[in-house]
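Peer 1: Once you've had a glance at the structure underneath, I'll fire off some questions.
Values quoted throughout were computed directly from the atomic coordinates according to the rules given, and no laboratory measurement underlies them. This one's a predicted model, so the numbers in the text were calculated from it and none came from an experiment. Because the Cβ atoms are built from the backbone with ideal geometry, glycine has one as well, and the counts that use them run over all protein chains shown.
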Amino acid sequence: MSKGGIVALGIVGVLIVSSVMLIGYVIGVLNQETAIRVTMENKQKDNTSQFDNMWKKIAQVAQVTDAQKNALMDIFNGYAKARTGDGKSGSLATWITESCPAVDTSTFNNLQNIITGSRDAFTMRQTELLDLNREHEKLIRTIPASIVCSIFGRKSIDVTIVTSSKTGEAFKTGKDDDVNVFPVKK
């Protein structure tokens, strides 16, 4: 084989190896982007489920506390009516000095724990979604992966983060002057 044939064979070999490496790189980038995309899409769906579960737990436990409150009111009202009986004066004062049934506040404590635990868990899910979004954005914006992603039409994913109107207004204005946890009713 002549020198020209060996050089041509060498060039073809280098081109084949380079092409295989390039194709491997492209496949790797696309697989990585797809893995992050699928995880993000499912995390969005999971966040919807987590949010729904959080509010249902809070609402249902709050209904239990309402039922407890109503039951206690019935007991106290019945207790007071039994003491006032014939309407003699001073019977209410006697009722006050007597022992009243103990009030169990554990359901309220449980409700507080459910609220804070559920909201913390939901916040963690949203943080995980933002971390995935950061990784995805980094992949589709950095060179050379961004070139591969743009050739194959891979774009940013819209991420929904659930916040409140109060938070939106605070970030819009740059101010949050309301520090009252329990606003004064007028």
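Peer 1: Modelled label-to-label distance, Val12 and Ile161, 7 Å Cα→beta-carbon offset: nm?
Peer 2: Each label point lies 7 Å from its Cα, and together they span 5.6 nm.
Peer 1: Let me ask something else. Once the piece of chain linking Thr39 and Gln63 is laid out straight, how much longer is it, given 0.36 nm per residue of separation minus the C-alpha distance between them?
Peer 2: Details: separation 24, 0.36 × 24 = 8.64 nm, distance 3.56 nm.
Residue separation times 0.36 nm, minus the Cα-Cα distance, leaves 5.1 nm.
Peer 1: Calculate one ³J(HN,Hα) per residue across segment 13-29 by plugging θ = phi - 60° into the Karplus curve 6.51 cos²θ - 1.76 cosθ + 1.60, and present them in order as whole Hz with x for glycine and proline.
Peer 2: Per residue, the Karplus-derived 3J(HN,Hα) values read x, 5, 5, 5, 4, 4, 5, 5, 5, 5, 4, x, 5, 4, 4, x, 5 Hz.
Peer 1: At 7 Å along Cα-to-Cβ for each site, give me the label-to-label distance between Thr107 and Glu169 in nm.
Peer 2: For the pair Thr107/Glu169, the computed spacing is 3.4 nm.
Peer 1: Taking θ = phi - 60°, what integer Hz values does the Karplus form 6.51 cos²θ - 1.76 cosθ + 1.60 yield along segment 40-50, in sequence order, with x for Gly and Pro?
Peer 2: 5, 4, 6, 5, 4, 5, 5, 4, 4, 5, 4
Peer 1: Given the peptides 110-123, 161-174, 135-148, arrange them by the average over their residues of other C-beta atoms within 10 Å, most packed first.
Peer 2: 135-148, 110-123, 161-174
Peer 1: Right, next: Could you derive backbone 3J(HN,Hα) for segment 57-62 from the dihedral phi with the Karplus parameters 6.51, -1.76 and 1.60 (θ = phi - 60°), listing whole Hz in sequence and x where the residue is Gly or Pro?
Peer 2: So the J values, rounded to whole Hz, are 4, 4, 5, 6, 5, 5.
Peer 1: Run down the lysines and flag those whose C-alpha is under 21 Å from the C-alpha of Lys155, throwing out any fewer than 8 positions away in its chain.
Peer 2: Lys43, Lys45, Lys138
Peer 1: Can you pull the one-decimal nm distance between simple spin-label points at Met124 and Asp74, each 7 Å off the Cα toward Cβ?
Peer 2: 3.9
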